[in-house]
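Worksheet for the structure shown next.
Just so it is clear, none of the values below were taken in a lab; they were calculated from the coordinates. Quick caveat: nothing in here was measured; it's all calculated off a predicted structure. Heads up, the Cβs are rebuilt from the backbone with ideal geometry, glycines too, and the neighbour counts pull from every protein chain shown.
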């Protein structure tokens, strides 16, 4: 099932297997994904392809400066014919939600997703409404240097299991992309290779992947090391360690193993951690360097 899913996504987003694999792992680990890159690199296409490939309900919200929280979650509407208020659910009530260009909306509207992402529910007019069991937010954002964007607050960044960046394709891959669009969009030919029910069953198997105690302590040491760095203004929270282990289990599952090894942890370390810690100088390259030093300093268990 996972091989079919990866092959399908690889056929839509050419030359980006590593990003595709991380996205599949996040799906298995029951987390949300932030996709950051410049316009036109395939962020929206990847999100739509994932929903189509697993046969999930899909909704898209185009975030703009005038978008209101009720446009995301829904709200109460007064019906003249009955004289009563009726709850109208917003597009967040779906299985795969594409929050397109999330950092173009105001912080107030961005925060409308926080409860949904963390607690899988939405509060409307004092009542709690549960979201589907399979609920995943794929948010795309343009780099903060672009015009008309709002940096996501740290609390919201921490809700995402991982952040990935697609980047520009190589010349050879770009040639393949041009040719693949001659007869239409590859996205239009995507068919479901699995079902949401199968994904939920796979998640149960992922949670059973064995993690040795030495590896748990290894993850704790990595997280603790960020808190000892004088170069950071915000270090990793306990949620970071939880998510590293969840992603490591998913990595082992994709690799066909029933146990986690140190390579799994190192493979997911940067995508899980980079958006959770912040250097004092505010430079993203500094954050990467700090994490590289942490990996070198913490001893790998044998």
Problem set entry | Extension gain from residue 182 to residue 155, taking 0.36 nm per residue of separation minus the Cα-Cα distance | 5.4 nm
Exercise. Nearest-5 percent of antiparallel DSSP beta bridges in the chain?
Worked result: 40
Seminar exercise, completed: Per GNM of the chain with C-alpha springs under 10 angstrom, the most fluctuating residue out of 84, 141, 125 is 84
For this session: May I ask for the Kirkwood hydrodynamic radius of segment 208-302, worked out over all distinct Cα pairs and given in angstroms to one decimal?
Result: 13.4
Exercise. So if we plug the beta-carbon distance of residue 258 and residue 130 into 1/(1 + (r/R0)^6) with R0 = 22 Å, what FRET efficiency do we get, rounded to 0.05?
Worked result: 0.10
Exercise. Roughly what angle does helix 238-254 make with the longest principal axis of the chain, taking Cα atoms, 0 to 90 degrees, to the nearest 10?
Worked result: 80
Problem set entry | Estimated Rh, the chain: Kirkwood, alpha-carbon pairs, angstrom | 20.4
For this session: Kindly express, to the nearest 10 degrees and within the range 0 to 90, the angle between helix 284-297's C-alpha long axis and the longest C-alpha principal axis of the chain.
Result: 40
Exercise. In whole Å, what three semi-axes, largest first, describe the equivalent ellipsoid of segment 1-62 built from its Cα gyration tensor (square root of 5 times each eigenvalue)?
Worked result: 16, 14, 12
Seminar exercise, completed: Working note, segment 99-166: Cα radius of gyration (Å, one decimal) and Dmax (Å, whole number) are 13.0, 40
Exercise. Cα axis of helix 196-207 to longest principal axis of the chain: angle in degrees, 0 to 90, nearest 10?
Worked result: 30
Exercise. Quick one: which of 111-119, 205-213 comes out on top by average Cβ neighbours within 10 Å, and what's the full order, highest first?
Worked result: 111-119, 205-213
Exercise. Mind listing P(r) for segment 150-290? All alpha-carbon pairs, 5 Å bins, whole percents.
Worked result: 2, 8, 14, 16, 15, 13, 13, 11, 6, 2, 0
Problem set entry | Estimated translational D of segment 163-203 in µm²/s (Stokes, Kirkwood radius over Cα pairs; 25 °C; 0.890 mPa s) | 185
Problem set entry | Simple label model, 7 Å out from Cα along Cβ direction - residue 171 to residue 289, nm | 3.2
Exercise. Length gain on complete extension for the stretch residue 86 to residue 38, per 0.36 nm per residue less the alpha carbon to alpha carbon distance?
Worked result: 13.3 nm
Exercise. What ranking do 93, 135, 253, 78 get, fewest neighbouring Cβ atoms within 10 angstrom at the top?
Worked result: 78, 93, 135, 253
Exercise. Distance in nm between label sites at residue 106 and residue 204, each 7 Å beyond Cα in the beta-carbon direction?
Worked result: 4.5
Seminar exercise, completed: In a Gaussian network model of the chain with springs linking alpha carbons closer than 10 Å, the residue among 29, 202, 51 that fluctuates most is 202
